[in-house]
Amino acid sequence: MDIEKQLPVAIKTGKVEFGSKKAFEAAAFGKAKMIILASNMPKEKRKEIERLAKLSNLPVRIYNGSGMDLGTLCGRPFAVLAVTIKDAGDSMLGSAEGQS
């Protein structure tokens, strides 16, 4: 799965939320298709989101770039450390096919 190609599609056609608070909520309650974290997310926050997501069987992917890079990819003029995919829309994020 190519996050750089699929994430903009999910943002345009699906339901996506930004920020670590939303990612924590989704991970805790399993109410998402996938969580994408920037590679420079603080270690403790990242571990906690990953731990909660594992309990909820929610896939977590690490974006190979900084929060600024992820923000740019999302079309935002600020750093984005976490993206929660609630509805993947026309993208393959969070689908069985898109997780390989």
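The values are calculated or read from the model by the stated rules, or taken from the named source; none is laboratory data. Every value quoted in this text rests on a predicted model; they were computed, and no experiment measured them. Using ideal geometry, Cβ is built from the backbone for each residue, glycine included, and neighbour counts are taken over all protein chains shown. Side chains included, ligands, DNA and RNA excluded: accessible areas come from the protein's heavy atoms. Shrake-Rupley method; radii C 1.70, N 1.55, O 1.52, S 1.80 Å.
Worth a mention:
- Cβ charges +1 (Lys, Arg) and -1 (Asp, Glu), total dipole of the chain, debye: 300 debye
- Accessible surface computed residue by residue for the chain, with neighbouring protein chains in place and a 1.4 Å probe, gives 56 Å² per residue.
- Secondary structure note: in segment 16-99, about 65% of the DSSP beta bridges are antiparallel.
- Working note: 222 nm ellipticity from helices only, DSSP H runs with n ≥ 4, each -39,500 (n - 2.57), summed and divided by the residues of the chain, gives -12000 deg cm²/dmol to the nearest 500.
- Under 11 Å from the Ile62 label point (7 Å along Cα→beta-carbon), backbone N, segment 8-42: 37-41
- Equivalent ellipsoid, the chain (semi-axes from 5 times Cα gyration tensor eigenvalues, Å): 18, 16, 11
- Under 17 Å from Lys31, Cα to Cα: aspartates and glutamates that are on another chain or at least 8 residues apart: Glu17, Glu48, Glu50, Asp87
- Ordering of 81-93, 42-54 by burial proxy (mean other Cβ atoms within 10 Å per residue, highest first): 81-93, 42-54
- Relative contact order [Cα under 8 Å, 6+ residues apart], the chain, whole percent: 44 percent
- Apportionment of accessible area to carbon and sulfur, the chain, percent (1.4 Å): 51 percent
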